[in-house]
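Contents: one structure, followed by commentary.
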Amino acid sequence: MTVKLKFCGGTQEVSGSNHLITTEKSKVLLDAGLFHGRRKEFYNINSSFSYNPFDIDAMVLSHVHIDHSGNIPTLVKRGFRSKIYATSATKTLSRLMLLDSGKIQEEDAKFLNKQHSRKNIPAVKPLYTKKDAEFCMRFFRSVFYRRRIKIAKNINLTFFDAGHILGSALSRLEIKDGSRVIKIGYIVDLGRANLPLLNPPECVSGLDYMIIESTYGNRLHRPITEAKSQMTEAITKTINRGGKVIIPSFAMERTQEVLCFISELMKEGKVRKDLPIYLDSPLAIDVTDVFKRHQIFLNPETRHSFLEGAGPFALKNIKYIRKIKESKQLNKDSQPMIIIAGSGMCESGRILHHLRNNIEDSKNMILVVGYMAKNTLGRKLVEGYKKVRIYGEEYNLNAEVAVNNAFSGHADKDALIDYVMKSDGDLKKVFVVHGDEDQSFELVKRLKERGMDAWSPSKDEEVEL
Ligand SMILES: [Zn+2]
Ligand SMILES: [Zn+2]
């Protein structure tokens with residue numbers, strides 16, 4: 001009898017996590033993430049599967065990040081009809097994030113079709129729509145941490161806290177194969193100790209095989225406490241010279257961490273208490289609301305702050321902006337303030353009009369708190385371009401740009417090695433996924449140096465366990 005593990009996506013690269021466990025009695029998927037790439041590649045890779053989605057008996061969803069959950073609507077469109085197991089926070093967040101992703105796919109197709117119609121090229125269809133995303137929500141089932149449940153005839157699942165984003169889970173799968181039981185750990189994505197809102201990652205014990213991420217397989221982070229001190233410096237400096245602090249931020253987790261730090265800085269008297277803060281993103285406001293409703297997933301200090309008062313997101317001077325009209329009104333207000341808006345990499349969304357309005361004034365500060373991918377406007381700001389294009393027009397970059405590198409929700413290379421080496425089972429092999437080639441290969445090398453059998457599989461490679 002055999003148990004097979006196929007790495008269908010998210011190998012030697014970060015996006016598109018998707019792995020398939022095949023046993024004699026069942027087939028189970030781990031994640032169905034969107035692959036990010038150039039338009040044509042994006043459509044082709046995300047819409048083809050190397051298995052029949054209809055044959056799958058269950059899916060385990062580690063967390064809501066789009067590179068793990070974003071291709072679920074396509075999978076369902078292609079016939080997947082089984083249960084999707086996730087924590088309750090992931091389930092709630094999935095609705096927000098997948099509907100938003102559906103909206104982005106629709107808008108992108110609309111934009112392309114406008115160009116195509118001028119050139120007489122046939123129209124394209126979106127990868128999936130908001131309606132497709134809504135439909136797949138019926139397959140979600142909530143699972144508690146540390147409770148073993150049966151997800152297929154011969155497979156049990158237990159979730160543990162990953163400490164990566166709200167509701168994120170590490171999985172232990174116990175597979176009965178004849179007289180033996182194989183235990184696989186899905187350690188993707190692995191969080192970090194001391195993040196402002198979450199508990200540290202839990203140890204998943206007794207494993208035979210481990211699949212582990214390697215986003216930072218060859219990099220070290222600055223301590224998270226530095227993120228807070230760098231923020232104090234950037235905010236104080238800008239406010240003292242009468243400028244605005246513009247923070248491009250991802251709606252999920254990073255925005256809430258930034259709000260939490262600002263709230264602490266005000267309590268500690270390091271930032272003046274009446275400074276206006278605008279959270280200018282309906283999606284980020286909705287996500288923040290999920291944090292308030294799922295406090296059980298937060299660390300004891302944050303839960304305590306909700307018990308004591310209204311929690312870290314309820315400062316009197318935080319204004320939540322949903323209406324676009326109110327968002328644009330901020331352009332007319334010249335007083336010092338903090339504006340948090342998306343998209344995180346400055347490719348779309350309300351951050352664009354804030355940048356256009358503030359980028360040419362040297363009093364202002366653009367505070368970068370997240371990863372900026374190549375070829376994005378955000379990356380150009382980080383690289384210190386003198387001129388940048390926004391809405392098709394050129395602007396001088398006179399505002400100061402500060403890059404805060406200490407924020408990250410991922411374990412770094414030392415923490416990854418440490419996690420594997422502390423595993424108390426009889427680990428036979430470690431599969432290194434979810435990292436660019438150089439990061440994955442380096443982690444494999446370092447694990448091998450410590451006597452561990454490690455391997456970085458390539459896309460669609462299948463191994464027998
Ligand atoms: Zn993630
Ligand atoms: Zn990820």
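Convex hull volume per residue, computed on the Cα atoms of the stretch 309-379, equals 115 Å³.
The translational diffusion coefficient of the stretch 133-252, from Stokes-Einstein at 37 °C and 0.692 mPa s with a Kirkwood hydrodynamic radius over alpha carbon pairs, comes to 185 µm²/s. Taking Cα atoms only, the orientation of helix 282-293 departs from the longest principal axis of the chain by about 60 degrees.
Shown for the stretch 37-94 is the translational diffusion coefficient from the Stokes-Einstein equation, using the Kirkwood radius over Cα pairs, a temperature of 10 °C and a viscosity of 1.306 mPa s: 129 µm²/s. Dipole orientation for the chain: of the candidates THR11, ASN358, ILE235, ASN358 has the Cα lying most toward the positive pole (charges on Cβ; Lys, Arg +1; Asp, Glu -1). Overall, the chain carries a charge dipole of about 1380 debye about its Cα centre when +1 sits on the Cβ of Lys and Arg and -1 on the Cβ of Asp and Glu, all other atoms neutral. In degrees, nearest 10, range 0 to 90: what is the angle between the Cα axis of helix 224-240 and the longest Cα principal axis of the chain? Around 20 degrees separate the two axes.
Distances between placed amide hydrogens fall under 5 Å for LYS83 paired with MET59, all partners being 5 or more residues away or on another chain. Per-residue ellipticity at 222 nm, computed for the chain from helices alone with -39500 (n - 2.57) per DSSP H run of at least four residues, works out to -10000 deg cm²/dmol.
Using 0.36 nm per residue and subtracting the Cα-Cα separation, the extra length available between ARG379 and PHE306 on full extension is 22.7 nm.
Using +1 at the C-beta of Lys and Arg and -1 at the C-beta of Asp and Glu, which of ASN375, THR225, LEU427 has the Cα lying farthest in the positive direction of the dipole of the chain? Result: ASN375, furthest along the dipole toward the positive end. The Cα center of the stretch 271-304 and the Cα center of the stretch 405-453 differ in position by 32 Å. Extension gain for ASN113 to ASN44 (0.36 nm times residue separation, less C-alpha to C-alpha distance): 23.1 nm. A run of the chain free of exposed loop cleavage sites, with GluC sites (Glu not before Pro) counted only in DSSP states other than H, G, I, E and B and at most 15 other beta carbons within 10 Å, reaches its longest extent at 25-267. From least to most packed, judged by other beta carbons within 10 angstrom and beginning with the fewest, HIS434, HIS68 follow the order HIS68, HIS434.
When +1 charges are put on Lys and Arg Cβ atoms and -1 charges on Asp and Glu Cβ atoms, the dipole computed for the stretch 224-403 relative to its Cα centre reaches about 400 debye. Between ILE121 and ASN240, the modelled label-to-label distance comes to 5.2 nm, taking each label 7 Å out from Cα in the direction of the beta carbon.
Listed by Cβ neighbour count within 10 Å, with the fewest neighbours leading, ILE285, ILE318 appear as ILE285, ILE318. Among CYS203, CYS8, the ranking by other beta carbons within 10 Å of each residue's beta carbon, starting with the fewest, stands as CYS203, CYS8. Equivalent-ellipsoid semi-axes for the stretch 224-403 (Cα gyration tensor, √(5λ), whole Å, largest first): 27, 17, 16.
Only one residue of ILE72, MET137, ILE324 has its Cα farthest out toward the positive end of the dipole of the chain, where Lys and Arg carry +1 and Asp and Glu -1 on Cβ, and that residue is ILE324.
Between their Cα atoms, which of LYS110/LYS387; LYS27/LYS153; LYS91/LYS323; LYS176/LYS459; LYS150/LYS176 are more than 19 Å away from each other? In this structure, LYS110/LYS387; LYS91/LYS323; LYS176/LYS459 exceed 19 Å between Cα atoms.
Taking the 0 to 90 degree range and rounding to the nearest ten, how far is the long axis of helix 437-449 tilted relative to the main principal axis of the chain, both from C-alpha atoms? Helix 437-449 and the main axis of the chain meet at about 50 degrees. Counting only Cα atoms, the stretch 173-309 measures 70, 36, 27 Å along its principal axes, largest extent leading. Pop out the Kirkwood hydrodynamic radius of the chain from its pairwise C-alpha distances, inverse of mean 1/r, in Å to one decimal. That comes to 23.1 Å for the chain. For the stretch 391-407, 3J(HN,Hα) computed residue by residue from phi via the Karplus equation (6.51, -1.76, 1.60; θ = phi - 60°) reads 6, x, 10, 8, 10, 7, 8, 9, 5, 6, 10, 10, 10, 9, 8, 7, 6 Hz, glycine and proline entered as x. Loop-located trypsin sites (Lys or Arg not before Pro) in the stretch 381-465 (DSSP state not H, G, I, E or B) with no more than 11 neighbouring Cβ atoms inside 10 Å: LYS386, LYS422, ARG450. Count Lys and Arg as plus one, Asp and Glu as minus one, and take only other residues whose Cβ is under 10 Å from that of HIS354; the net charge is then +3.
Values quoted throughout were computed directly from the atomic coordinates according to the rules given, and no laboratory measurement underlies them. The structure presented is a predicted model; accordingly, all values stated were derived computationally and were not measured. Because the Cβ atoms are built from the backbone with ideal geometry, glycine has one as well, and the counts that use them run over all protein chains shown.
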